[in-house]
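What follows is a set of notes on a single structure, which appears directly below.
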Amino acid sequence: MTGKSTRPLVITAIVIIAIVGFIVYQNYFVANTKHTTTDQKAVVIAYQTGIDPSKVAQADGDYERDSARQIQWKKFDAGSDVINALASGDVVIGNIGSSPMAAAASQNLPVEVFFVASRLGESESFVVADRAKIKTAQDLIGKKIAVPFVSTTHYSLLMALKHWGIDSNQVKIINLRPPEIAAAWQRGDIDGAYVWEPTLSRLKNNQGQVLTHSKQVGEWGAPTYDLWVVRKDFAAKNPEFLKSFVKTSLKQFDAYQKDPIAYVADDNKIHKIAALTGSDQADVITLLAGNDYLNATQQQQVLQSVLAQNILDTAQFLKSQAKVDQVKADYKDYVTADYIELGD
């Protein structure tokens with residue numbers, strides 16, 4: 001009698017436990033599904049067509065694989081466009097030069113530099129048309145020169161003119177994006193341009209001669225950098241993604257620096273860089289050699305002690321040219337080395 005009377009109670013208890021367990025499991029599953037969905041939201045990144053070894057990692061999908069995150073890559077033609085996309089929130093990470101970074105920080109855009117893509121050299125050059133008969137710097141007076149305004153090449157152009165003792169008002173400087181520069185060159189509307197790839201190669205291959213380049217301008221006291229910047233709100237929530245991004249980039253930098261000859265001898269790598277940037281394969285090897293790619297220790301040194309001052313110097317010069325309205329006392333809050341990990 002006792003066994004028969006307690007059996008329904010035991011069965012009822014088992015059913016209740018099963019139901020409670022199912023509800024707990026469902027709540028856990030839903031919560032974790034939501035968490036996973038949030039974590040896996042695509043990271044939208046703006047890139048440009050500068051030449052550097054990390055383009056191989058981008059082409060191979062290494063950034064996605066190493067971070068276990070989806071990435072949506074958006075191509076832009078100029079740093080000013082990237083700044084606008086960062087400001088609107090359309091992208092959370094962007095590739096820009098030190099000059100547009102100075103302009104953005106001066107306007108209080110909540111971004112920070114977290115990685116140096118390169119210290120720029122011959123990959124950004126001032127090319128003049130053979131038809132313009134410009135043999136020396138003084139021949140630039142009265143000529144029409146195109147450049148994307150508030151870009152690294154704009155800054156380099158102005159600093160080159162200063163070095164040569166030529167007032168910028170003595171040259172007609174017009175604001176064109178790289179694709180527009182290529183079209184204007186083809187029509188014969190401009191006498192020269194300070195620009196980067198792939199437009200640079202197109203000008204050189206169409207009766208253009210290099211008058212100077214950013215490595216030379218840097219040696220005159222005005223170095224420029226190609227940078228990766230991030231919105232501060234995204235950085236605060238995604239530090240591990242940024243560390244992964246840096247680590248993936250440094251793998252390619254280190255591989256190139258270890259043996260540049262062997263690196264560029266790999267046709268597959270050169271093809272990937274050319275395809276992603278729109279450059280001619282024949283030019284990629286020379287352009288890779290034209291920039292400096294910093295290892296982890298060098299990254300930390302530049303980010304901690306050099307770059308903020310460089311941005312300040314750039315901002316002060318841009319203000320003197322009426323390209324920005326204000327300059328901050330310093331720019332340390334716009335540069336971080338927090339995502340550079342040494343000894344890995």
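Just give me the residues in the stretch 320-336 being touching a residue at least 40 places away in the same chain (Cβ under 8 Å) and either assigned to a loop (DSSP other than H, G, I, E, B) or charged (D, E, K, R) (or both), in sequence order.
Those that are touching a residue at least 40 places away in the same chain (Cβ under 8 Å) and either assigned to a loop (DSSP other than H, G, I, E, B) or charged (D, E, K, R) (or both): Gln321, Lys323, Val324, Asp325, Gln326, Val327, Lys328, Tyr331, Asp333, Thr336.
Which is outside any loop (DSSP other than H, G, I, E, B), farther than 14 Å from Ala102 by Cβ and without any contact (Cβ under 8 Å) to a residue 40 or more places away in the chain, of Gln304, Gln299, Gln309?
From the options Gln304, Gln299, Gln309, the qualifying one is Gln304.
Determine whether Asp292 is in contact with an Asp or Glu (Cβ under 9 Å, 6 or more places away or on another chain), acidic (Asp, Glu) and in contact (Cβ under 8 Å) with a residue 40 or more places away in the chain.
In short, no.
Scan (1) at pLDDT 95 or above; (2) crowded, with 18+ Cβ neighbours inside 10 Å; (3) farther than 15 Å from Val111 by Cα; (4) not β-branched (Val, Ile, Thr) for the single condition Phe317 breaks and write down its number.
It is condition (1) that Phe317 fails.
Could you tell me which numbered condition Pro100 fails, if it satisfies all but one of (1) in contact (Cβ under 8 Å) with a residue 60 or more places away in the chain; (2) of a type outside the set (Val, Ile, Thr); (3) buried (at least 24 other Cβ atoms within 10 Å of the Cβ)?
Against the list (1) in contact (Cβ under 8 Å) with a residue 60 or more places away in the chain; (2) of a type outside the set (Val, Ile, Thr); (3) buried (at least 24 other Cβ atoms within 10 Å of the Cβ), Pro100 comes up short only on (1).
Which residues, taken from the stretch 122-159, are buried (at least 23 other Cβ atoms within 10 Å of the Cβ), touching a strand residue (DSSP E or B) at 6+ places or on another chain (Cβ under 7 Å) and of a type in the set (Gly, Ala, Ser)?
Within the stretch 122-159, Ser125, Ala146, Ser151, Ser156 qualify.
List the helices (runs of 4 or more DSSP H) inside the stretch 161-232, counting only whole elements, that have at least 1 residues being over 25 Å from Arg131 (Cβ atoms).
214-219
Of the residues Ser279, Ser249, which single one is touching an Asp or Glu at 6+ places or on another chain (Cβ under 9 Å) and not in a helix (DSSP H, G or I)?
Ser279
Taking Asp283 as the residue in question, decide whether it is at pLDDT below 95, touching a Pro at 6+ places or on another chain (Cβ under 9 Å) and surrounded by 14 or more Cβ atoms within 10 Å (Cβ to Cβ).
So Asp283 fits the description; yes.
With the requirement that a residue be under 11 Å from the mean Cα position of the chain (by Cα) and part of a helix (DSSP H, G or I), what does the stretch 56-82 give you?
Gly79, Val82
Quick check: anything in the stretch 165-184 more than 30 Å from Ile45 (Cβ to Cβ), surrounded by 23 or more Cβ atoms within 10 Å (Cβ to Cβ) and of a type outside the set (Gly, Ala, Ser)?
No: zero hits.
The values are calculated or read from the model by the stated rules, or taken from the named source; none is laboratory data. Quick caveat: nothing in here was measured; it's all calculated off a predicted structure. No Cβ is skipped: glycine too gets one built from the backbone with ideal geometry, and neighbour counts run over all protein chains shown.
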